[in-house]
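The values are calculated or read from the model by the stated rules, or taken from the named source; none is laboratory data. These numbers come from a predicted model, not from an experiment. Cβ coordinates were reconstructed from backbone atoms using ideal geometry, including for glycine residues, and neighbour counts include every protein chain displayed. Just the protein is used for accessible areas: all its heavy atoms, side chains included, with ligands, DNA and RNA removed. Shrake-Rupley method; radii C 1.70, N 1.55, O 1.52, S 1.80 Å.
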Amino acid sequence: MDNWKDSFKPIKIDDKVMIVPDWDENIYSSDYVIKICPAMAFGTGHHESTQLVINQMLKLKVGNYNSLLDLGTGSGILSILAKKMGIKRITAIDIDDVCEENFYQNCKLSNVENIGIQIQDVHAYENYDYDIILANIDKNNIIKILDKYQKSQTKAIMILAGILISDLDEIKNCIANCTIENIDKMGEWASVIVKNKVPKND
């Protein structure tokens, strides 16, 4: 366990976000410090897809928005960051009830409140009436979420991640009624920001 702790290094993203383990007592000057009790199955921030979403959130300045839906939240890192950035209404969804305790533990460690996790299939959640939607998940689930997103005609900006660069074309082929606002890449992974082509009112 001690050797594993020694190998777990804090993660710095864009000089603004620090993700640190709960045993790290150092003081950091970053804008947003997220402290977590690492549970490898739920996300520690080390994966490129998580870092890609964080970079996109920083570019979008999501703190200027009011609401966010986090599909496949896992350890809650992205929801916690959204709260620290200033988003008031956050809904976090995950199908794995084992991650619930870790989610709330990480919220407490990071000194954020008023975020709840709902344990259910992300596809069973029907309300897409948010300003920002995050889906850091696998390709097959992203394809299903994209379909629901486009049919919903929500005005939400969606950040997708968990996409291999080799699968980007397949994802692009699923985008018919929305525009691609941005694509970022890191290693073998990509994140995509999409926005619905909401019809203008007459």
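For the stretch 24-35, filtering for residues that are open to solvent by less than 80 Å² (accessible area, probe 1.4 Å), free of Cβ contacts under 8 Å to residues at least 60 places away in the same chain and of a type outside the set (Asp, Glu) leaves 3. Taken as a whole, the structure places ASP15 among residues that are outside any helix (DSSP H, G or I), acidic (Asp, Glu) and open to solvent by 20 Å² or more (accessible area, probe 1.4 Å). Go through the stretch 56-94 and give me each residue that's part of a helix (DSSP H, G or I), in contact (Cβ under 8 Å) with a residue 40 or more places away in the chain and surrounded by fewer than 20 Cβ atoms within 10 Å (Cβ to Cβ). Across the stretch 56-94, the qualifying residues are LEU58, LYS59, LEU60, LYS84.
Within the span defined as the stretch 121-144, every residue fails to be on the phi > 0 side of the Ramachandran plot and touching a residue at least 24 places away in the same chain (Cβ under 8 Å).
Here's the yes/no breakdown for (1) of a type in the set (A, V, I, L, M, F, W, C); (2) free of Cβ contacts under 8 Å to residues at least 12 places away in the same chain; (3) farther than 22 Å from ASN66 by Cα:
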position: LYS148; (1), (2), (3): no, no, no
position: LYS155; (1), (2), (3): no, no, no
position: ILE165; (1), (2), (3): yes, no, yes
position: GLU170; (1), (2), (3): no, no, yes
position: ALA176; (1), (2), (3): yes, no, yes
position: GLU181; (1), (2), (3): no, no, no
position: ASP184; (1), (2), (3): no, no, yes
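Residues considered: ILE159, ILE142, ILE133. Of these, the only one that is open to solvent by less than 20 Å² (accessible area, probe 1.4 Å) and touching a Ser or Thr at 6+ places or on another chain (Cβ under 7 Å) is ILE159.
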